Amino acid sequence: MKFTVDKHEKYILIKLNESKLNSLVTPQLKSELILINTEGQRNIILDLGQIKFADSSGLSSLLVGHRLCKNAGGSFILCGLNDAVSRLITISQLDNVLSIVPTCEEGIDLIFMEEIEKELKREIR
C-alpha cells in the first residue's frame, strides 16, 4: 500500500496514494490505523483524494479507524471523496456514522474545533 503519514501535534493526516481501497490494500491500512492509535494518537484525517474505487473491505477499514478514534475520545475524518466512493458510503448508510468533509483543511479545522470544545467541557466540570 502506498501512503504518506503527516504527523502533527493534535492529529495525523494519512494520504492514500492508491486508486482502489479494496481487500489488497485494507489489511495494511487497518494495521497502520491500529499502530497510530496505540501510539496514543486519537485524531486521524484520512485523505481519500486518490481513491477512485472502494469495496466492502475498504468500508470495513474506515469503520475500524472510526471505532479506534472514537474509543480514544478522538475523531476520524474522511476528506477528498470522489462521487463513486461518496455514493457507496451513502448507500451503506455510513454517511450518518463517519465524519466526512470536502477538503483536508476543513478536516483539520474540525479537529481543532472539537479539541477546543473538549477542553471547554473539561474546564466546566
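Which lysines have a Cα less than 30 Å from the Cα of K118, not counting those fewer than 8 places away in the same chain?
K7, K10, K15, K30, K70
So how do C104, C69 rank on accessible area, 1.4 Å probe, biggest first, that is with the largest at the start?
Ranked list, largest accessible area first: C104, C69.
What is the dipole size for the range 1-112, taken about its Cα centre, with +1 at each Lys and Arg Cβ and -1 at each Asp and Glu Cβ, in debye to the nearest 20?
Once rounded to the nearest 20, the dipole reads 300 debye.
For the chain, report the accessible area per residue in Å² (1.4 Å probe, heavy atoms, rounded to an integer).
Averaged over the residues of the chain, the accessible area is 56 Å².
Could you tally the net charge around D47, taking each other residue with its Cβ under 12 Å from the Cβ of D47, Lys/Arg +1 and Asp/Glu -1?
Around D47, the charge tally is -3.
Which value, in debye to the nearest 20, describes the size of the charge dipole of the range 35-89 about its Cα centre when Lys and Arg Cβ atoms bear +1, Asp and Glu Cβ atoms bear -1, and nothing else is charged?
Numbers: 5 positive and 4 negative charges, 31 e Å.
Using Cβ point charges on Lys, Arg, Asp and Glu, the range 35-89 gives about 140 debye.
I'd like the accessible area for E114: 1.4 Å probe, protein heavy atoms, all chains in place, Å² to the nearest 10.
We get 50 Å² for E114.
Let me cross-check L63: its accessible surface, 1.4 Å probe, with only protein heavy atoms counted, in Å² to the nearest 10?
Answer for L63: close to 60 Å² accessible.
The values are calculated or read from the model by the stated rules, or taken from the named source; none is laboratory data. Keep in mind the model is a prediction, meaning the values are calculated, not measured. Neighbour counts run over all protein chains shown; Cβ positions are idealised from the backbone, glycine included. Ligands, DNA and RNA are stripped out before the accessible areas are found, and what is left, the full protein with its side chains, is counted by its heavy atoms. Shrake-Rupley method; radii C 1.70, N 1.55, O 1.52, S 1.80 Å.
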